[in-house]
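The values are calculated or read from the model by the stated rules, or taken from the named source; none is laboratory data. On a predicted model such as this, the values are computed, not experimentally measured, just so you know. Note: ideal-geometry Cβ built from the backbone for every residue, glycine included; neighbour counts use all protein chains shown. Calculation scope for accessible area: heavy atoms of the full protein, side chains included, ligands and nucleic acids excluded. Shrake-Rupley method; radii C 1.70, N 1.55, O 1.52, S 1.80 Å.
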Amino acid sequence: MTKIAVIGAGVIGLTCAVKIKETYKDLDVVLISSEFSPNTTGDGSGGLWLPYLCGSTPYNLIEKWGAETYRFLYEQWKTGGYGVCMLPLYYFYRTKEKFHTPEWARMVFGYHELDSKELEHYSKLFSGKYTAGQTFTTFVCSPPTLLTHFLQRFEQANGKVLQAKLTSLQDPLLAQYDVVVNCSGLGARFLVPDDRVVPLRGQVLRVIAPWINQVVIDEEGGNYIIPNAQTVVLGGTSQKDFNTEVDPKDTDFILNGCKRIMPGLERAEIVKRWVGLRPSRDAVRLEPEEKNGKLYIHNYGHGGSGFTLFWGCGEEVLQILQTYLNKNHKLYINSKL
Ligand SMILES: Cc1cc2nc3c(=O)[nH]c(=O)nc-3n(C[C@H](O)[C@H](O)[C@H](O)COP(=O)(O)OP(=O)(O)OC[C@H]3O[C@@H](n4cnc5c(N)ncnc54)[C@H](O)[C@@H]3O)c2cc1C
Ligand SMILES: O=C(O)C(=O)CO
């Protein structure tokens, strides 16, 4: 019987666990993780669909994984699933040279670059000096809702869960598994180990501001405003740092920058201050590795784009597994007996 272990109960690992278990109902699949929601990076994240801080991951992969995830979120939005909102997004630049049309622009709804008249209007509206910008329709999920539902889906499919911290990919706890799907996020730095994975510290505030219904990003200013279903996420910082303490200076930076964009935020109640460590890498690592008679499928290093790429990455992991099982036919057939 082919036995599969998925490491990591963040959005990346949960997606793989759900996809694998729902596809191979008769295979043993266990999800091993040191932390579960609400204690994963994703729980505090903005939940926005936007490729962001994913290093030099090849554009065709961002477009492939991002498009599949965008379509998945669109389907959820149509059925009211996972607290997914569909919102206009405005992305402003102060320096025209820093702006370029992203490859993925052709696959999102309503993408267009802002013309000089629009830039003049939005510069006044959002008190910026914007010389370039873009807008399109995006999706924002409620991360804790999505993570909770994915765990429920996995357990309903008879997936098993084990809370444990693995010491390495050779940990005795993994000995009995034929396939190990490594979705350990920043933990991959120590688990693989892979020192190309580094923490990009992000601090955000969550406020109550139901009057805000568009995403606004001031690229060079570093601030962003991301409405979720119940609260609005104000950001943000990005420092190479393991420090997960809330820094009052960052709070001031976030508040002052976002109030400049939307002065009405003065009246918004702050309900949460949070710091997370983006699992940043020079490029997302999603690839198979056959070693010591096992198949490892690495899927980590999504930086600031875990909620932008998760469904597409999960699909690719499933395809890698399918190829492996077909190749090792007897391994899978035995599992059917
Ligand atoms: C402030 C902030 C805002 C963000 N906003 C957005 C956004 O709007 N849109 C977007 O797309 N992305 C956003 N992100 C990025 C997104 O949150 C991450 O890309 C995503 O959460 C990474 O998911 P993951 O599953 O790879 O990692 P994680 O959520 O970190 O999960 C890794 C899991 O592996 C487990 N693990 C690690 N090591 C071990 C071990 N040795 N043994 C057992 N288990 C282990 C951990 O317990 C954890 O459960 C944001 C991030 C931050 C910090
Ligand atoms: O801060 C982040 O990582 C984001 O993706 C915000 O969109």
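At-a-glance table
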{"item": "Counted residues, region 188-203 - those being open to solvent by less than 30 Å² (accessible area, probe 1.4 Å) and in contact with an Asp or Glu (Cβ under 9 Å, 6 or more places away or on another chain)", "result": "6"}
{"item": "Subset tally (residues that are away from ligand 1 (no atom under 16 Å from the Cβ), over 30 Å from Val192 (Cα atoms) and not in a strand (DSSP E or B)) for region 257-301", "result": "10"}
{"item": "Residue match in region 296-314 (condition: touching a Cys at 6+ places or on another chain (Cβ under 7 Å), aromatic (Phe, Trp, Tyr) and open to solvent by less than 20 Å² (accessible area, probe 1.4 Å))", "result": "yes"}
{"item": "Region 22-45, residues that are more than 15 Å from ligand 1 (Cβ to nearest atom) and either within 11 Å of the chain's Cα centre (by Cα) or surrounded by fewer than 24 Cβ atoms within 10 Å (Cβ to Cβ) (or both)", "result": "Glu22, Thr23, Tyr24, Lys25, Asp26, Leu27, Asp28"}
{"item": "Val216 vs. criteria closer than 25 Å to Asp250 by Cβ and away from ligand 1 (no atom under 11 Å from the Cβ)", "result": "yes"}
{"item": "Residues that are over 16 Å from the mean Cα position of the chain (by Cα), under 16 Å from Glu316 (Cβ atoms) and open to solvent by 10 Å² or more (accessible area, probe 1.4 Å), drawn from region 1-21", "result": "Lys19"}
{"item": "Residue list for region 46-104, filter: of a type in the set (Val, Ile, Thr), over 29 Å from Leu125 (Cβ atoms) and open to solvent by less than 20 Å² (accessible area, probe 1.4 Å)", "result": "Thr57, Ile62, Thr69"}
{"item": "The lone exception for Gly304 - which of (1) away from ligand 2 (no atom under 16 Å from the Cβ); (2) outside any strand (DSSP E or B) it fails", "result": "(1)"}
{"item": "Residue list for region 180-207, restricted to those being within 21 Å of Val232 (Cα to Cα) and more than 7 Å from ligand 1 (Cβ to nearest atom)", "result": "Arg201, Leu205, Arg206, Val207"}
{"item": "Top-ranked residue in region 212-253 [being assigned to a strand (DSSP E or B) and open to solvent by 20 Å² or more (accessible area, probe 1.4 Å); ranked as farthest from ligand 2 (Cβ to nearest atom)]", "result": "Lys240"}
{"item": "Residue match in region 181-190 (condition: in a loop (DSSP other than H, G, I, E, B), of a type outside the set (Asp, Glu) and either within 16 Å of ligand 2 (Cβ to nearest atom) or more than 17 Å from the chain's Cα centre (by Cα) (or both))", "result": "no"}
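Per-residue answers, yes or no, for (1) over 19 Å from the mean Cα position of the chain (by Cα); (2) open to solvent by 60 Å² or more (accessible area, probe 1.4 Å); (3) in contact (Cβ under 8 Å) with a residue 40 or more places away in the chain; (4) closer than 30 Å to Thr23 by Cα:
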| site | (1), (2), (3), (4) |
| --- | --- |
| Lys117 | yes, yes, no, no |
| Gln134 | yes, no, yes, no |
| Cys141 | no, no, yes, yes |
| Thr145 | no, no, yes, yes |
| Thr148 | no, yes, yes, yes |
| Glu155 | yes, yes, no, yes |
| Asn158 | yes, yes, yes, yes |
| Val161 | yes, yes, yes, yes |
| Leu169 | yes, no, yes, yes |
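To keep it simple, each residue is scored yes or no on (1) without any contact (Cβ under 8 Å) to a residue 12 or more places away in the chain; (2) under 27 Å from Gly187 (Cβ atoms); (3) among the β-branched types (Val, Ile, Thr).
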residue	(1), (2), (3)
Thr79	yes, no, yes
Val84	no, no, yes
Leu89	no, no, no
Phe92	no, no, no
Pro102	no, no, no
Tyr111	no, no, no
Ala164	no, yes, no
